[in-house]
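Shown next, in structure tokens, is the structure this report addresses.
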Amino acid sequence: MRRLGIRDVDLEETFGRSSGPGGQNVNKVATAVKLRHRPSGISITVQDSRSQAQNRNLARERLLDVIEQTQKQRRAAEIAEREKARRRKSPRPAALKRKILESKRRRAEIKRRRAKIEI
């Protein structure tokens, strides 16, 4: 949690009853754990185990994984945006510019030939 800069006070933990296998324990005891990271609003619910303590640990691990993944995606998007802006600003090489202009001239000549012939 330290490497991602997440503090315990940023986490909101609530407990509730699970569903599914586990018998009387999951029906009577609040073993499901819902963990929410307040700053980002990411929420995780875990009800894998019959034990609340195991579910708490699993919820923390999964929440950290999700937060780390979203941070990586955000960084990748920022890098892609910077690269896109850099490519947009860089001038075209002279040879490429000449080639583009020549193809435009050829295209214009083809279109000019399509004009109606006056009789």
Proximal lysines relative to Lys84, as straight alpha-carbon distance under 22 Å, when same-chain residues fewer than 8 apart are discounted: Lys72, Lys97
GNM top mover of Ser90, Ser40, Ser49 - the chain, alpha-carbon springs below 10 Å: Ser90
Convex hull volume per residue for region 23-93, taking Cα atoms only, in Å³: 94 Å³
Stretch gain in nm, segment Ser19-Ala94, where the contour uses 0.36 nm per residue and the Cα spacing is subtracted: 20.2 nm
Choice from Pro91, Pro39, Pro21 showing the highest fluctuation, given a GNM over the chain with Cα pairs closer than 10 Å: Pro91
Trypsin sites (Lys or Arg not before Pro) lying in DSSP loop within region 1-66, provided at most 12 other Cβ fall within 10 Å: Arg2, Arg3, Arg7, Arg17
Orientation-averaged projected area, Cα convex hull of the chain (nm²): 16.3 nm²
Computed [θ] at 222 nm, deg cm²/dmol, the chain (DSSP H ≥ 4; -39,500 (n - 2.57); rounded to nearest 500): -18500 deg cm²/dmol
Efficiency of FRET from Cβ geometry, Asn27 and Asn57, R₀ 22 Å, rounded to 0.05: 0.45
Trypsin sites (Lys or Arg not before Pro) restricted to region 69-119 and DSSP loop, no more than 12 other C-beta within 10 Å: Arg114, Lys116
Two-decimal ratio, region 2-44, of alpha-carbon radius of gyration to 2.2 N^0.38 Å: 1.48
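Just so you know, all these numbers are worked out from the coordinates, no wet-lab data involved. Bear in mind the structure is a predicted one, so any value in this text is a computation, not a measurement. A quick note on method: Cβ atoms are made from the backbone with ideal geometry, for glycine too, and the neighbour counts reach across all protein chains shown.
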